[in-house]
Amino acid sequence: MSEFLGYARVSTAEQTAALQEDALRAAGCSRIWSDTASGTRTDRPQLVAVFDQLRVGDTLVVWRLDRLGRSLPHLIETIGDLEARGVGFKSVQENIDTTTPGGRLVFHVFGALASFERELIQERTLAGLAAARERGRLGGRPSVLSPAKLKQARRMIGEKTPVTEVAQVLGVSRATLYRRVPELGVAGTRAVMKEPDAGVSSSP
């Protein structure tokens, strides 16, 4: 025999689930499980417990949609899992019931909206990266050697300033200078491993 099983959730111990539980009983729930946990938490033991009790033909009932899902995509995924198990879902406040054609249609629309939102975010990210490339920037961390510092480095190197001193003044490593200033040449790149660190004098 199919059952209506209720799930309630409050965020803090100071809150009470009495209002939700009363509404769930009025909706026909024979048993109710309650969690005290933030909606963003994944460890909700009573939610796991009610899921373990659900059988084909049963209906999970919540007072409001946000009592179940952490986000719209998570909610859609959870309802999809219930549907795959042959379990219905009902939300009292939103008057949604996936055991009816209208309720199933609502969640199909929700699923389409969630997919649309993901695609928009992806498109905006790709558009931002493309615009950055056109301006000569790449994704990831900004370079420690800004255009102004690079110009100063080339000027100092042109004046025969030691690489170690240039690195100290600009606040970058010698390796960065050898990598970003081609004028130093391949030989200089090898020399970076041999050049003594700034502030450390060699033994007499």
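Every number here is computed from the coordinates shown, using simple stated rules; none is lab data. Every value quoted in this text rests on a predicted model; they were computed, and no experiment measured them. Here the Cβ is made from the backbone with ideal geometry for all residues, glycine too, and neighbour counts use every protein chain on show.
For this structure, a couple of remarks:
- Remark: segment 4-113 is approximated by an ellipsoid whose semi-axes, taken from the C-alpha gyration tensor as √(5λ), come to 20, 16, 13 Å, largest first.
- Put a dot 7 Å past the Cα of THR99, heading toward its Cβ, do the same for ARG41, and the two dots end up 3.0 nm apart.
- Within segment 29-88, all pairs of alpha-carbon atoms sorted by distance into 10 Å bins from zero give the percentages 21, 61, 19.
- Under 20 Å from the ASP22 label point (7 Å along Cα→beta-carbon), backbone N, segment 35-57: 35-36
- With R₀ set to 25 Å, the beta-carbon distance separating ARG155 from GLU134 gives a calculated FRET efficiency near 0.30.
- For ILE32, nonlocal amide neighbours, meaning residues 5 or more places apart or on other chains whose placed amide H falls under 5 Å from its own, are GLY6.
- Taking a ≥ b ≥ c as the square roots of the eigenvalues of the Cα gyration tensor, an a/c ratio of 1.5 or more together with a/b no larger than b/c marks segment 55-97 as oblate.
- Difference of contour (0.36 nm per residue) and Cα-Cα distance, LEU113 to THR125: 2.5 nm
- Placing R0 at 30 angstrom, the Cβ-Cβ distance between GLN53 and GLU14 gives a FRET efficiency of 0.60 after rounding to 0.05.
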